[in-house]
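Here the structure is laid out as structure tokens; the discussion comes afterwards.
Rule-based calculations on the coordinates, nothing more; no lab input. Because the structure is a prediction, the values reported are computed rather than measured. Virtual Cβ from ideal backbone geometry, glycine too; neighbours counted across all protein chains shown.
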Amino acid sequence: MKFGVSFLPDTGPADRPAADYYANALKLSALGDRLGYAYVKMTEHYLKPYGGYSPSPLMFLAAAAAQTKSIRLMTGGIQASFHHPIQLAAEAAQLDAISSGRLELGFARAFLPYEFDAFGIDLDSSKARFQQTIDATVRLLAEESVSEDTPFFRYRDAQSLPRPTQQPRPPVWVAALLTPSSFEWIGERGFNLLMAAPPRKDALAKTQDMVALYRETFERHHGHTGRRPQVAISIPLMIGTSDAHALALAEPRLRHHWRYFADAAKSWEQVQSSAYQGYNEAMKNKMGGMDTADLDATAVLGTPDTVRQRIRALEADLGLDAILWHIDYGAQPYELMSNNLEVFARDVLPGL
């Protein structure tokens with residue numbers, strides 16, 4: 001099991017100036033590197049406090065590369081539907097070179113209607129655009145000359161420069177949430193799987209089925225290569241001197257995060273899309289607020305012993321290969337975030 005640092009800002013000008021947020025995130029990236037964490041991950045979103053301070057994960061990770069030595073740099077994830085594959089491949093390879101081959105290239109399917117509206121991208125065709133953009137980006141990284149002719153982009157005999165430092169290309173991760181065909185597609189392509197949060201207990205069996213589908217599909221298509229499927233999940237972390245102390249620290253900050261997410265999710269109220277089956281109901285549930293079951297399921301909170309127990313349970317339930325600790329939820333002060341990383345490395349990790 002590997003562990004990493006995950007950033008998904010829920011911060012706007014009323015909470016913290018952008019310069020302060022980035023300064024803290026870069027210091028935490030450097031701290032994670034010194035403490036031996038395997039990954040640092042940054043997401044991509046726009047326009048609202050939910051993720052709006054993370055418009056360019058590649059730009060942030062380039063800054064992190066300059067302040068770190070070993071930690072892997074993960075985009076988690078680039079919203080491929082909003083980008084051209086030539087741009088993505090070139091900028092990804094640039095970061096791979098800057099970091100001496102530390103890029104982990106993660107993609108996520110955009111899901112907020114107001115972001116699609118702002119970019120003028122059709123929601124109903126977004127799944128095809130997303131998958132074809134990833135396929136084309138991977139080909140540009142792995143092959144010397146690439147031609148594409150799709151409804152979304154076309155080019156002939158393109159050689160992407162710079163070439164990636166990692167050969168044949170950096171590792172690729174793709175996020176999935178609800179749809180079985182998405183888990184299956186990721187497995188068919190031989191990509192690693194990113195998950196946004198652990199399921200509530202009433203949804204555990206369905207999530208286990210989706211992860212099993214991914215692993216089975218991966219093995220069927222790529223088992224002969226010797227590669228094995230990788231599954232990583234991002235989870236909020238809070239370590240306290242008691243379980244009650246950890247909950248007291250985390251709850252108001254998780255509710256802050258939830259409010260900003262609910263505000264972003266409101267853009268689903270007047271939207272229907274065949275490409276996002278189940279999202280209206282899922283977003284409606286998110287807008288209903290956070291209850292105790294959400295707190296218990298979607299975060300790891302407690303003493304070092306409790307945190308170890310939760311990790312073992314998650315590993316047993318989902319067969320995880322990596323946990324990426326979401327530490328910047330609720331506009332936390334630097335001291336609280338850094339303490340969580342330090343206590344986990346000192347008091348939790350040695351006992352696993």
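First check a/c for the chain, with a ≥ b ≥ c the square roots of the eigenvalues of its C-alpha gyration tensor; if it is under 1.5, answer rounded, and if not, answer prolate when a/b is larger than b/c or oblate otherwise. Rounded shape, in that the Cα axes give a/c under 1.5. Each Cα pair under 8 Å and six or more residues apart adds its separation to the average, and for the stretch 1-40 the resulting relative contact order is 72 percent. Once the Cβ-Cβ distance of K201 and K2 is raised to the sixth power relative to R0 = 30 Å, the FRET efficiency obtained is 0.75.
Think of the chain as a dipole: +1 on every Lys or Arg Cβ, -1 on every Asp or Glu Cβ, centred on the Cα centre; then among A297, P162, P113, P162 lies furthest on the positive end.
Would you mind calculating the relative contact order of the stretch 130-222 from Cα pairs under 8 angstrom and at least 6 residues apart, reporting the percent as a whole number? Working shown, then result.
Values: 97 pairs, mean separation 19.9, N = 93.
Result for the stretch 130-222 is 21 percent.
Over the Cα atoms of the stretch 88-236, each weighted equally, I'd like the Debye log10 I(q)/I(0) at q = 0.14 Å⁻¹, rounded to two decimals. For the stretch 88-236, the Cα-only Debye profile gives -0.79.
By Kyte-Doolittle mean hydropathy of at least -0.5 and Cα axial length of at least 15 Å, which whole DSSP H helices of the chain are selected? List each step's numbers first, then the result.
Values: long enough: 18-35 (25 Å, 0.08); 85-98 (19 Å, 0.71); 126-142 (24 Å, -0.06); 204-222 (26 Å, -0.84); 243-265 (30 Å, -0.46); 304-318 (21 Å, -0.66).
Both cut-offs are met by 18-35, 85-98, 126-142, 243-265.
Across the chain, the longest piece that holds none of the GluC sites (Glu not before Pro) lying in DSSP loops with up to 11 other C-beta atoms within 10 Å covers 1-143. Computed over the chain, relative contact order equals 20 percent, with contacts defined as Cα pairs under 8 Å that lie 6+ residues apart.
Whats the longest run of the chain with zero trypsin sites (Lys or Arg not before Pro) that are DSSP loop and have at most 13 other Cβ atoms within 10 Å? Maximal segment without exposed cleavage sites: 70-226. Under a 5 Å amide H cut-off, with hydrogens placed 1.01 Å from N, H45 pairs with S54 among residues at least 5 apart or on other chains. The length gained on full extension between A97 and D321, counted as 0.36 nm times the residue separation minus their Cα-Cα distance, comes to 78.1 nm. Would you mind checking K41/K127; K2/K69; K27/K266; K2/K266; K2/K27; K48/K69 for any pair whose Cα atoms are more than 26 angstrom apart? Too far apart for the 26 Å limit: K27/K266; K2/K266; K48/K69.
Between R16 and Q167, the simple spin-label model (points 7 angstrom out along Cα→Cβ) gives 4.1 nm.
Helix-only estimate, please: 222 nm mean residue ellipticity of the chain, summing -39500 (n - 2.57) across DSSP H runs of length 4 or more and dividing by its residues, to the nearest 500.
Details: 12 runs with 159 residues, N = 352.
That comes out to -14500 deg cm²/dmol.
Report, in debye and to the nearest 20, how large the dipole of the chain comes out about its Cα centre when Lys and Arg carry +1 and Asp and Glu carry -1 on their Cβ.
520
If you stretched the chain out fully between Q159 and A297, how much longer would it get, using 0.36 nm times the residue separation minus the C-alpha to C-alpha distance?
On the way: separation 138, 0.36 × 138 = 49.68 nm, distance 4.57 nm.
Value of the extension gain: 45.1 nm.
Find how much the distance from Q87 to E216 grows on full extension, using 0.36 nm per residue of separation minus their present alpha carbon separation; answer in nm with one decimal.
Details: separation 129, 0.36 × 129 = 46.44 nm, distance 3.27 nm.
Here the segment from Q87 to E216 would lengthen by 43.2 nm.
Among H257, H224, H326, rank each residue by its count of other Cβ atoms within 10 Å, from fewest to most, as a rough exposure measure.
Values: H257 27, H224 8, H326 24.
Lowest count first: H224, H326, H257.
A cut-off of 5 Å between modelled amide H atoms, ignoring neighbours fewer than 5 places along the same chain, links G330 with D10, H257.
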